[in-house]
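Working notes for the structure below.
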Amino acid sequence: MGEPVVPPLAPSFAAADHEPQLGSRPAKPGSAGEGRGQGNAVNHGPLLIKQLKREDWPAVKAIYMDGIAGGNATFETEAPSWEDWDKTHLEGHRLVALQGGEVVGWAALAPVSERCVYAGVAENSVYVADSAQGRGVGRALLEELIRRSEEDGIWTIQTGIFPENVASLELHKRCGFRVVGTRERIGRHHGVWRDVVFMERRAP
């Protein structure tokens with residue numbers, strides 16, 4: 001019998017309009033507009049969502065660090081280097097949201113296992129800048145991440161979220177995720193035991 005797929009200890013979900021990161025905190029739920037494609041980029045109202053590239057990393061890292069500082073986005077205590085982050089996330093499933101030419105949020109998928117049986121299972125992260133909270137950035141990113149994942153044959157997206165991150169929980173529910181359960185006292189964060197709500201979305 002195969003090993004069960006379990007999420008990493010740290011919620012990887014920071015702010016994306018579900019509440020955690022980019023300016024630093026989890027994002028507030030918002031509504032995303034209809035997308036219109038422009039090559040690899042997609043317009044969601046005033047937002048332009050495109051593939052995350054290495055040149056976006058300084059802005060992406062800053063948003064990630066703000067999410068870490070907020071305390072309810074992830075167990076991580078520092079942001080990785082581009083090289084380390086690049087090795088652990090799926091190419092083709094990394095997005096940034098631009099508004100006025102500036103990065104205001106990002107989202108990405110990471111594989112949950114190297115076993116081929118789990119090739120279609122990934123974990124998502126979404127972070128939104130503090131300055132862009134409540135504008136639908138997180139939802140636009142997550143919806144586009146889901147759309148692209150389904151086109152690429154990914155059948156399940158999972159995530160772990162701190163229960164205190166209510167906005168992120170609500171965002172994921174609005175985007176079709178369900179609560180599988182709560183992993184109680186699964187990890188210590190700054191000396192405090194934290195629970196993690198495990199959620200997943202299965203492709204139709």
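Annotations
- Unique match (being in contact (Cβ under 8 Å) with a residue 40 or more places away in the chain, surrounded by fewer than 17 Cβ atoms within 10 Å (Cβ to Cβ) and either of a type in the set (Asp, Glu) or assigned to a strand (DSSP E or B) (or both)) among Glu164, Glu123: Glu164
- Residues that are crowded, with 24+ Cβ neighbours inside 10 Å and assigned to a helix (DSSP H, G or I) were ranked within the range 142-161; the one that is nearest to the chain's Cα centre (by Cα) is Leu142.
- Residue in the range 149-163 that is closer than 18 Å to Gly71 by Cβ and at pLDDT below 95 present: no
- Scanning the range 117-134 for residues that are at pLDDT 95 or above and of a type outside the set (A, V, I, L, M) turns up Tyr118, Gly120, Glu123, Asn124, Ser125, Tyr127.
- One residue alone among Val137, Val96, Val197 is touching a strand residue (DSSP E or B) at 6+ places or on another chain (Cβ under 6 Å), at pLDDT 95 or above and over 27 Å from Asp56 (Cβ atoms), and that residue is Val197.
- Residue match in the range 167-187 (condition: under 25 Å from Gln51 (Cβ atoms), among the basic types (Lys, Arg) and in contact with a Leu (Cβ under 8 Å, 6 or more places away or on another chain)): no
- Among the residues here, Gly67 qualifies as closer than 20 Å to Phe198 by Cβ, touching a Lys or Arg at 6+ places or on another chain (Cβ under 8 Å) and either part of a helix (DSSP H, G or I) or of a type in the set (A, V, I, L, M, F, W, C) (or both).
- Pro80 being surrounded by 15 or more Cβ atoms within 10 Å (Cβ to Cβ), over 20 Å from Arg194 (Cβ atoms) and free of Cβ contacts under 8 Å to residues at least 24 places away in the same chain: no
- Val196 vs. criteria among the aliphatic types (A, V, I, L, M), in contact with a Lys or Arg (Cβ under 9 Å, 6 or more places away or on another chain) and surrounded by 22 or more Cβ atoms within 10 Å (Cβ to Cβ): yes
- Subset tally (residues that are hydrophobic (A, V, I, L, M, F, W, C) and touching a residue at least 60 places away in the same chain (Cβ under 8 Å)) for the range 167-181: 3
- Screening the candidates Arg139, Arg135 for the property of being out of contact with any His (no Cβ under 7 Å at 6 or more places or on another chain), touching a residue at least 24 places away in the same chain (Cβ under 8 Å), part of a loop (DSSP other than H, G, I, E, B) and crowded, with 18+ Cβ neighbours inside 10 Å yields one hit, Arg135.
- Unmet requirement for Leu171, which otherwise passes all of (1) touching a helix residue (DSSP H, G or I) at 6+ places or on another chain (Cβ under 7 Å); (2) assigned to a helix (DSSP H, G or I); (3) surrounded by fewer than 24 Cβ atoms within 10 Å (Cβ to Cβ): (3)
- Residues within the range 111-158 that are touching a Ser or Thr at 6+ places or on another chain (Cβ under 8 Å), over 25 Å from Pro46 (Cα atoms) and of a type in the set (Val, Ile, Thr), tallied: 2
The values are calculated or read from the model by the stated rules, or taken from the named source; none is laboratory data. On a predicted model such as this, the values are computed, not experimentally measured, just so you know. Please note: Cβ atoms are built from the backbone with ideal geometry, for glycine as well, and neighbour counts cover all protein chains shown.
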